[in-house]
1. Looking only at the range 156-167, filter to residues that are buried (at least 18 other Cβ atoms within 10 Å of the Cβ) and in contact with a Lys or Arg (Cβ under 7 Å, 6 or more places away or on another chain); which one of those is nearest to Thr385 (Cα to Cα)?
2. Within the range 62-85, track down each residue that is assigned to a loop (DSSP other than H, G, I, E, B) and at pLDDT 90 or above.
3. With Thr99, Thr94, Thr109 as the choices, which residue is touching a Gly at 6+ places or on another chain (Cβ under 6 Å) and in contact (Cβ under 8 Å) with a residue 12 or more places away in the chain?
4. I'd like the full set of residues that are crowded, with 19+ Cβ neighbours inside 10 Å and farther than 24 Å from Met266 by Cβ, limited to the range 363-391.
5. Hey, could you check the range 176-223 for residues that are assigned to a helix (DSSP H, G or I) and in contact with a strand residue (DSSP E or B) (Cβ under 9 Å, 6 or more places away or on another chain) and say which is surrounded by the most Cβ atoms within 10 Å (Cβ to Cβ)?
6. If we keep just the residues of the range 286-314 that are more than 40 Å from the chain's Cα centre (by Cα) and not in a helix (DSSP H, G or I), which is nearest to Met362 (Cα to Cα)?
7. Say whether the condition of being farther than 29 Å from Thr392 by Cβ, among the aromatic types (Phe, Trp, Tyr), crowded, with 16+ Cβ neighbours inside 10 Å and in contact (Cβ under 8 Å) with a residue 60 or more places away in the chain is met by at least one residue in the range 123-142.
8. Is it the case, given these coordinates, that Ala126 is of a type in the set (A, V, I, L, M, F, W, C) and in contact with a helix residue (DSSP H, G or I) (Cβ under 7 Å, 6 or more places away or on another chain)?
Amino acid sequence: MFEPTGSPRDAASVIFNLPGYRVIEAVDLPLGGRRVKVQPDDIADGCPTCGVMSSRVHAWTLQRVRDVPHAGRIEVVVRKPRLVCAEPACRRRTFTHTTSQLPTRSRCTTRLRTAALAAVIDSGRAVAEVAAAYGVAWWTVQATVNAAAVLLPDVDQCWVRRLGIDEHRYRRVRWFRDDTGGWRRVEPWMSTIVNADTGQVLGVVDGRDSAAVGGWLAARSVAWRARIQVVAIDPSAAFRRAITEQLPDALISVDPFHLVQLANLMVTRVRQRLVREREHRRGRKIDPAWAHRTLLLRGYNTLSHRGRVKLQTVFDLDDPTDELSAAWGVKEQLRRLLKTTTVEQVRHEKMILLRHVLAADMIETWRLWATVDGWWPAIEVLITTGVTNARTEAANTGIKQIKRTGRGYRNPAHYQARILLRSAARRAA
């Protein structure tokens, strides 16, 4: 026969497990749920004015607080002592007892706020969903998120050697009337600054111009900026200007993905121009170049034998002027250029690329060559250092998921807090 080794009150306190409190009463409510009354284990506390410890009770008060649900809805009532200050010279005569779980003027337990924060940041749930699940107001959960964002380490204290900068759209495109009565298109962009070594988001600023990024960099300490060695960006003149002004000693590396994207765009424009000039219409399924347009954008070394046969068929049947194959050859040569590992190799491939551009002699290929030539120092930095915007693009993917979860954001501060906390939590994990 088993005999209990403790009182039912102690067993209930163990099950309820609110640190610093013990259960003194637990009853089932008529409409479902239960009411649990708790009381502090140690009533001694320090006066918030003078700091003198006191355990003399002036009166007992009851306060309803929110707590983590336990097997359904639960109502927690805290029996709190109001203590008398033991220092005669103190202006405060009485004060309310506080603990780590129930700080001053708190209506929610600390473990409830911790659970809500973990649900929003670690699990990626929407604030409204978490608030409904825990039976609290939306603003209670959002205030918890904002308070946690304030406690993040200062960026100037983070050891960063390589940066990645990229933009993303914060909200959908909107239209506003200007002073003249016309409509003006507004695209709310934000720029993300990421530690290229770890992928942690360091900052999110409004806009994607040089003033926005330059202002964030200028706010950093001189020692922090002096440590930056390489910054990876897409081919953006605004980002390059901000880096040149604020980080004059840092090298700029251009992301290879965006260069290949520009090359694919060049091939697409050539294909569209050729079908307009020849057929005086847009491409259709009966056109081999349109039907297999995605093959033109794939890397040749990634195609199967069947894919290569289809690609050759496109050039044989739908490229009478050989302009499409010439543009495709320029794109493939740029891909080979970006795969090199030494400066000597990349410069040799650049000469071959120039010969391809001269042979093609089209407006689209010359425009691509002008971009490559204008960003050539950054391409050499890319080859020698290998720093890309891959981690920045990964961070932007996570940011888009945050936007989808929240169904969009109207408050930039809340948006930035979610991004910074989510990124810091992933890096800590």
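The values are calculated or read from the model by the stated rules, or taken from the named source; none is laboratory data. Quick caveat: nothing in here was measured; it's all calculated off a predicted structure. Every residue, glycine among them, receives a Cβ derived from its backbone with ideal geometry; neighbour counts consider all protein chains shown.
1. Taking the range 156-167 as the starting set, the residues that turn out to be buried (at least 18 other Cβ atoms within 10 Å of the Cβ) are 160, 162-167.
Next, only the ones that are in contact with a Lys or Arg (Cβ under 7 Å, 6 or more places away or on another chain) stay: 160, 164, 167.
On the way: Val160: 16, Gly164: 13, Glu167: 22 Å.
Here the answer is Gly164.
2. So in the range 62-85, the residues assigned to a loop (DSSP other than H, G, I, E, B) come out as 67-73, 85.
Matches in the range 62-85: Asp67, Val68, Cys85.
3. Numbers: Thr94 fails: touching a Gly at 6+ places or on another chain (Cβ under 6 Å); Thr109 fails: touching a Gly at 6+ places or on another chain (Cβ under 6 Å).
Going through Thr99, Thr94, Thr109 in turn, the sole match is Thr99.
4. Hits for the range 363-391 are Val387, Arg391.
5. Of the residues in the range 176-223, the ones assigned to a helix (DSSP H, G or I) are 210-218, 222-223.
Cutting the leftovers down to in contact with a strand residue (DSSP E or B) (Cβ under 9 Å, 6 or more places away or on another chain) gives us 212-213, 215-217.
On the way: Ala212: 19, Val213: 27, Gly215: 15, Trp216: 20, Leu217: 23.
Here the residue is Val213.
6. Asp287
7. Within the range 123-142, one or more residues are farther than 29 Å from Thr392 by Cβ, among the aromatic types (Phe, Trp, Tyr), crowded, with 16+ Cβ neighbours inside 10 Å and in contact (Cβ under 8 Å) with a residue 60 or more places away in the chain.
8. Working: of a type in the set (A, V, I, L, M, F, W, C): yes; in contact with a helix residue (DSSP H, G or I) (Cβ under 7 Å, 6 or more places away or on another chain): yes.
Yes.
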